[in-house]
Amino acid sequence: MPEISLPTEIQFVKGVGPRRAEALAMVGIRTVADLLYYLPRRYLDRSVITPIGALRSETAVTVIGKVMGKGILKGKRQRLEVMLGDGTGYIALIWFSGIRFLEKYFSKGEIYAATGAVSYFQQLQMVHPEMERMEDDDSELIHAGRIVPVYPATSELKETGLTGRVMRRLVKQTLELCSERLPEPLPRALVQEHGLAPFDRAIRSIHFPESAGDIETARRRLAFDELLELQYLILRMRKKIRSAGKMEKYQPPGNLLGRFVKQLPFQLTEDQNKAINVIVADIQKERPMHRLLQGDVGCGKTVVALAASVFAAENGYQAAFMAPTELLAEQHYRNWAEFLNRLGIKAGLLTGSLPGAEKKEAHRAVASGEAQIVFGTHALLSEPVKFSRLSLVIIDEQHRFGVMQRGNLVGKGRHPDTLVMSATPIPRTLALTLYGDLDLTTIRSMPPGRKPTRTVWRNATARPEIYKFLKEQLKTGRQIFFIYPLVEKSEKVDLQAAEEEYERLKKDIFPEFRLGLVHGRIKREQREKAIADFRSGRLQVLVATTVIEVGIDIPSASIMVIEHAERFGLSQLHQLRGRVGRGTEAGLVIAIATPPISDMAKERLELFRSSSDGFEIAEADLRLRGPGEFFGTRQHGLPELRIANLSKDDDLLPITRHIVTELLSDKGLDSERQNLLGYLMKKASLKKYNLQTG
Ligand code: ADP
Ligand code: MG
């Protein structure tokens with residue numbers, strides 16, 4: 001058997017070959033090193049398995065059993081039911097979506113592990129559990145008291161025979177063949193100082209731990225490395241940004257910014273004024289601004305960003321105001337174009353769905369510099385958009401955009417000032433990490449005169465009562481949002497559900513009232529019309545998917561019903577709530593949860609009901625979900641943290657930040673540190689993340 005080492009291509013490892021190598025490449029495994037870094041998603045051992053006979057409702061558990069039968073059941077909602085038995089009892093596994101695909105995944109007589117929340121509805125059941133197909137000898141291993149790693153599987157891997165068991169064997173054999181110790185990237189002193197496991201031992205025991213304690217020690221060490229890599233990416237970007245100069249020359253604010261502020265229909269709050277001052281001072285500096293403006297939903301960030309844009313325009317430059325959805329870009333444009341025009345500032349709108357001729361005209365106005373403040377979406381990122389004198393980029397609702405996209409956009413001008421805004425406040429250590437390249441401004445106070453929004457949550461069985469109440473409210477002239485969840489994974493089903501519900505509400509529940517529907521798949525003109533009609537009061541009920549979560553501003557609507565509230569995250573619920581209570585009337589949010597409602601969902605809803613403080617909510621959300629889901633990797637755009645857990649490992653953030661700062665400080669480094677820097681550089685170059693901003 002030839003020696004293999006970390007850089008050996010995976011296809012030359014025994015048992016792999018070209019076809020499997022291709023499937024492995026799709027999950028990022030090209031070399032032996034990649035394989036050793038392909039970490040178990042979780043582990044199965046005796047301690048985590050519950051006999052079905054001992055299950056209690058309302059707990060989250062893992063069970064292992066044989067498929068006794070399966071079937072697609074029609075009914076109010078079509079569902080797939082799989083009966084699992086383990087000799088002590090039976091449990092029904094239930095799916096409402098992805099049914100056809102899943103149905104094929106199960107074969108009678110095969111053994112599976114199912115993890116999820118147990119509920120009781122005529123029988124013991126788990127809805128949408130997480131599944132793992134077991135091989136016979138795995139379950140034997142487990143019974144013999146071993147810990148069995150479970151690797152992330154894909155259909156490509158499975159198709160080439162790389163099942164869970166084969167992956168386990170492949171990793172085991174590879175570790176045995178890599179008999180020399182895996183090289184240690186960290187300086188020895190650091191390993192000791194922070195009580196870390198050596199790299200070699202960590203890798204070996206993350207795959208085949210002897211005990212649960214082993215897993216944690218190994219995980220912690222690898223988390224350390226991972227956070228070092230993350231800090232390196234961020235701090236290198238920060239360094240690059242900081243060293244850039246800009247060409248734009250600014251005069252101190254003059255008449256125009258003053259007139260903008262004076263003609264606003266309201267007085268700015270103290271926090272808003274402060275934020276504007278900080279930003280305007282920042283823009284006048286020689287180095288490009290990179291600032292995060294955060295503040296709870298409804299605190300009035302838009303007007304602060306507009307003030308900055310007006311300042312850019314006053315100095316003869318252009319500002320790009322980027323929103324996460326077309327709907328929101330359109331709304332900003334509609335709300336502000338005329339107001340700005342009266343000040344002699346020309347606003348433009350540029351979104352993907354503009355009709356051809358309008359789009360062409362918008363491009364022209366942007367390229368000629370005629371459009372001074374340009375509202376848009378990702379379309380502003382697209383190649384053909386050429387600004388004549390872009391100096392300020394505003395990114396609204398930052399949590400919806402990735403760092404990478406930010407990088408792309410910023411690359412468009414030479415080094416424009418960047419202001420990103422987020423309504424999801426985050427704890428400081430995390431802010432430092434995830435937005436480590438940004439300076440931070442926070443708006444804490446709300447505009448005066450807001451009445452607190454009341455929140456209740458109800459079980460779906462209370463619907464008749466709720467409808468009765470809503471009808472009375474409609475009769476007194478109040479307007480209502482009806483929100484339905486929209487999840488990417490189940491988008492089609494969700495959209496259909498929203499449309500069906502709209503029809504039902506219109507025909508059966510509120511026939512005497514005027515209803516409208518908006519979601520992301522509805523044509524722009526229709527969508528705009530529905531929103532305009534709702535704004536003007538012609539429509540009394542607006543049925544919407546979560547497209548309205550991000551920033552829709554219709555002050556006259558004061559009641560919001562959130563359907564399937566159990567499916568929303570806490571921060572998302574809070575964002576939604578921010579849409580009401582903006583006008584003269586106090587807001588009311590009715591969250592309707594449809595069973596089965598997990599304990600987690602109950603806790604979320606209870607927190608949602610009892611707290612209206614965005615910062616508190618964000619912290620709780622972070623605690624409940626963990627940062628991975630809280631931010632959603634795609635959303636913050638940083639490489640996914642596969643190992644580190646920011647709520648467990650947050651103490652490592654300042655430590656790793658400090659180490660990397662030192663590495664990048666241009667001071668002389670000893671050979672071990674140079675070695676580490678080289679290692680991080682190489683790791684970063686292997687990742688396809690384009691975090692540069694230049
Ligand atoms: P967000 O911070 O969530 O983006 P917006 O900028 O959409 O909030 O502002 C929410 C609402 O508050 C808007 O209707 C806006 O016009 C209004 N608003 C903003 N600042 C003030 C203020 N100082 N006084 C009164 N109303 C304000
Ligand atoms: Mg906003």
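A few remarks follow.
- The range 169-287: proportion of alpha-carbon pairs further apart than 24 angstrom, %: 58
- For the peptides 207-217, 583-593, residues were scored by their other Cβ atoms within 10 Å and the scores averaged per peptide; the highest-first order is 583-593, 207-217.
- Solvent-accessible surface ranking, highest first, for 662, 358, 132, 159 at 1.4 angstrom: 159, 358, 662, 132
- Segment residue 507-residue 90, extension gain: residue separation times 0.36 nm, minus the distance between their alpha carbons: 145.9 nm
- When you filter the trypsin sites (Lys or Arg not before Pro) in the range 60-169 for DSSP loop state and at most 14 other Cβ atoms inside 10 Å of their Cβ, you are left with 74, 76, 77, 108.
- Per-atom-type breakdown for the range 454-611 gives carbon and sulfur 51% of the accessible area (1.4 Å probe, protein chains only).
- When a 1.4 Å probe is rolled over the protein heavy atoms, the share of accessible surface on the range 48-145 that falls to carbon and sulfur comes to 55 percent.
- As an equivalent ellipsoid, the range 1-106 spans semi-axes of 38, 20, 12 angstrom, where each value is the square root of five times an eigenvalue of the C-alpha gyration tensor, largest first.
- Values of log10 I(q)/I(0), in the order q = 0.12 Å⁻¹, for the chain under a Debye, Cα-only, solvent-free model: -1.43
- If you wrap the Cα atoms of the range 48-145 in a convex hull and average its projected area over all directions, you get 6.1 nm².
- Per-residue accessible area (protein heavy atoms, 1.4 Å probe) orders 442, 351 as 442, 351, starting from the largest.
- Here the chain is assigned +1 on the Cβ of each Lys and Arg and -1 on the Cβ of each Asp and Glu. Its dipole about the Cα centre then comes out at about 1600 debye.
- Per-residue extension of 0.36 nm, minus the Cα-Cα distance of residue 681 and residue 367, leaves a gain of 109.2 nm for this segment.
- Cross-link table 451/471; 104/492; 285/451, entries beyond 30 Å C-alpha to C-alpha: 285/451
- For the range 454-611, the pair-distance distribution built from all alpha carbon pairs, in bins 5 Å wide starting at 0, is 2, 9, 19, 24, 23, 15, 6, 1, 0 percent.
- Cross-link reach is defined here as a Cα-Cα straight distance under 12 Å, omitting same-chain residues fewer than 8 places apart; for residue 14 the aspartates and glutamates meeting it are 3.
- Å² per residue, accessible surface of the chain at 1.4 Å: 45
- Only the Cβ atoms of Lys and Arg (+1) and of Asp and Glu (-1) were treated as charged; on that basis the dipole of the range 48-145 about its Cα centre amounts to roughly 780 debye.
- Surface calculation, 1.4 Å probe, protein heavy atoms: residue 468 sits at approximately 140 Å² accessible.
- Of 262/346; 475/507; 246/359, those spanning more than 27 Å from alpha-carbon to alpha-carbon: 246/359
- Counting only residues at least eight positions apart within a chain, or on another chain, the aspartates and glutamates with an alpha carbon under 15 Å from that of residue 468 are 508, 512.
- The label point for residue 274 and the one for residue 244, both projected 7 Å from the Cα toward the Cβ, are 2.9 nm apart.
The values are calculated or read from the model by the stated rules, or taken from the named source; none is laboratory data. Keep in mind that what you see is a predicted model, and the values were worked out from it rather than measured. Because the Cβ atoms are built from the backbone with ideal geometry, glycine has one as well, and the counts that use them run over all protein chains shown. Heavy atoms of the whole protein, side chains included, go into the accessibility calculation; ligands, DNA and RNA do not. Shrake-Rupley method; radii C 1.70, N 1.55, O 1.52, S 1.80 Å.
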